[in-house]
């Protein structure tokens with residue numbers, strides 16, 4: 001079953017066309033990667049899906065429903081959550097508090113919200129940091145906190161925007177494992193990432209944006225050997241590796 005469909009999405013900011021005629025669909029339980037150079041329009045696509053702003057043209061369907069002009073809080077209640085490139089937790093509050101806030105999207109009972117938050121912290125292996133102020137976390141732990149906060153809303157579709165940026169190689173490997181475990185537990189995941197070994201290991205399919213236009217879509221193997229993608233983004237060294 002299709003969980004997400006983008007039909008001819010375009011987004012302009014004044015005279016700048018950030019995304020043009022972008023179409024895509026996702027099946028339930030899939031991990032789909034979105035790659036491309038900085039400024040290609042990847043986060044703009046996520047912002048349109050998540051309701052941060054509506055597309056200039058085109059339509060977005062989530063679980064068969066047209067959600068093109070719906071607001072982020074409405075979409076969150078329907079099962080769509082996302083993380084952000086720049087992690088901005090409530091820095092002066094604890095890790096547990098930050099995730100509990102997310103859990104209030106599905107319950108108004110504090111005990112239930114905190115219980116859900118604690119379980120998510122265990123799943124992401126940061127429950128030992130529950131009483132630490134979020135502002136004191138390392139980048140790696142902030143990234144996990146961001147995912148836990150999104151998961152607390154009980155999404156059916158999770159949009160991950162560069163959750164591995166700034167991580168060391170071992171931390172990248174740990175994050176790949178976490179994302180794979182989420183999929184094994186039934187989560188559908190749409191991920192933007194620049195770390196190629198991670199995105200290629202994770203994704204069932206990969207779409208490539210260049211100057212706001214989709215130039216390729218296929219399996220990781222197909223994308224890695226696509227001449228247009230190599231020239232636009234991966235580079236000749238990747239193509240011959």
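Look at (1) outside the structural domain of residue 175 (by TED's automatic domain parsing); (2) within 26 Å of residue 32 (Cα to Cα) and you find that residue 72 fails only one, number (1). For segment 203-224, the candidate set comprises residues that are surrounded by 14 or more Cβ atoms within 10 Å (Cβ to Cβ) and over 25 Å from residue 18 (Cβ atoms); within that set, the residue that is modelled with the lowest pLDDT is 224. Among the residues of segment 94-115, are any on the phi > 0 side of the Ramachandran plot and modelled with pLDDT of 95 or more? No, segment 94-115 contains no residue that is on the phi > 0 side of the Ramachandran plot and modelled with pLDDT of 95 or more. Within segment 37-65, the set of residues being in contact with a strand residue (DSSP E or B) (Cβ under 6 Å, 6 or more places away or on another chain), assigned to a strand (DSSP E or B) and surrounded by fewer than 19 Cβ atoms within 10 Å (Cβ to Cβ) comprises 57, 59, 61. When 200, 175 are screened for being out of contact with any strand residue (DSSP E or B) (no Cβ under 6 Å at 6 or more places or on another chain), more than 11 Å from residue 35 (Cα to Cα) and part of a helix (DSSP H, G or I), only 175 passes.
Among residues that are in the same structural domain as residue 207 (by TED's automatic domain parsing), over 27 Å from residue 196 (Cβ atoms) and either modelled with pLDDT of 95 or more or in contact with a helix residue (DSSP H, G or I) (Cβ under 7 Å, 6 or more places away or on another chain) (or both), residue 66 is included.
The values are calculated or read from the model by the stated rules, or taken from the named source; none is laboratory data. These numbers were taken from a predicted model, which means no experiment stands behind them. Here Cβ is always computed from backbone atoms with ideal geometry, including for glycine, and neighbour counts include all displayed protein chains.
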